[in-house]
1. Report the one residue of Ile172, Ala133, Val244 whose Cα lies farthest in the direction of the positive end of the charge dipole of the chain (charges on C-beta: Lys and Arg +1, Asp and Glu -1; origin at the Cα centre).
2. What accessible area per residue comes out for the chain, rounded to a whole number of Å², with a 1.4 Å probe?
3. Could you check what % of the DSSP bridge pairs in the chain are antiparallel, to the nearest 5?
4. When the accessible area of the chain is computed with all protein chains present and a 1.4 Å probe, what percentage of it is carbon and sulfur?
5. What's the longest piece of the chain with no exposed trypsin sites (Lys or Arg not before Pro), counting a site as exposed if DSSP puts it in a loop and it has at most 12 other beta carbons within 10 Å?
6. How do 222-228, 41-47 rank on mean C-beta neighbours within 10 Å, highest first?
7. Hey, what did the chain get for relative contact order, percent, Cα under 8 Å, at least 6 apart?
8. Between Leu46 and Gln228, take the C-beta separation as r, use R0 = 22 Å, and let me know the FRET efficiency to the nearest 0.05.
Amino acid sequence: MATFIVGNTRKVFNFGTSKVWDFSEAYRNASNGDVIQFQAGTIINLGQNRFTVEKNLSFVGDMKDDGSLTTSINGTILVTKGHQVSFEKMILNDNIDRTVVTVNGADVVLNQCIMRNFSNTNKKVLLYANDNAQVKIMNSIVDTSDQKRWDTIKTYQANLVIENTTLDKVSIWVSENSNCKLTRVESSRIRSTNAVYAIRSNVEIEDSKIINDGIDGENKYPTVFLNQSSLKSRNSTLGNQDEVESVH
């Protein structure tokens, strides 16, 4: 396993590693199982380009002692079928109308990450997973500027696990034989939609607090909406600030 250091200085992270790489150069030279590690303060701006990951790689950023993250990738990322990819201590960010992370039949882990899109006009989801993808988000924060978006995380025939994570104004849509498990999740400030909407899928919620604002004019939105789906809830609070039913 090799480690490729990406950044602007020659600070050495690992013994025997001195070269500092350009991001695209590091990716081209990396092989399955390698690590791309970002120096503190490194920001990668992808512009209009989509960064496609077609290797088994780990992307590792930097976290200060106070828990704040200093490294980010700004743009949209696609992980292709059959690959195993992890992001750790990274901000995955965008501010225009597009999906930040797309997982097509791959295995992706986000650990100690922040994923967000602060565009007020963005109508795309933050994360989309399909084709039997496996996605795990843990010890992270997912947020968006828009309290009235329809869905923020969306799956189609995929498995989603979220653990020990804060969801701010995030709506989860799972469909067509997807599985979604939320453990130690706190979700709030969702308006004009459901916190979880499931179609022909399975949802498990454990040790979590899921709250939404359920009324938009004449429309009422339960916290969890099940359409030909199952829900298992244990030691959790499913609530609605507008006295709308929590589960429908």
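1. Final value for the positive-end residue is Ala133.
2. On the way: 11610 Å² over 248 residues.
Accessible area per residue, the chain: 47 Å².
3. Values: 3 of 103 bridges.
Among the beta bridges of the chain, antiparallel pairing accounts for roughly 5 percent.
4. On the way: 4890 of 11610 Å².
C and S atoms contribute 42 percent here.
5. Numbers: sites that count: Arg10, Lys11, Lys19, Lys64, Lys123, Lys148.
Counting at most 12 other Cβ atoms within 10 Å as exposed, the longest clean stretch of the chain is 149-248.
6. Ranking the peptides 222-228, 41-47 by packing returns 222-228, 41-47.
7. On the way: 777 pairs, mean separation 24.1, N = 248.
This gives 10 percent for the chain.
8. Details: r = 38 Å, r/R0 = 1.75.
For Leu46 and Gln228, the calculated efficiency is 0.05.
The values are calculated or read from the model by the stated rules, or taken from the named source; none is laboratory data. Bear in mind the structure is a predicted one, so any value in this text is a computation, not a measurement. As a convention, Cβ positions derive from the backbone with ideal geometry for all residues, glycine included, and neighbour counts pool all protein chains shown. Remember, those area values only see protein heavy atoms, side chains included, never the ligands or the DNA or RNA. Shrake-Rupley method; radii C 1.70, N 1.55, O 1.52, S 1.80 Å.
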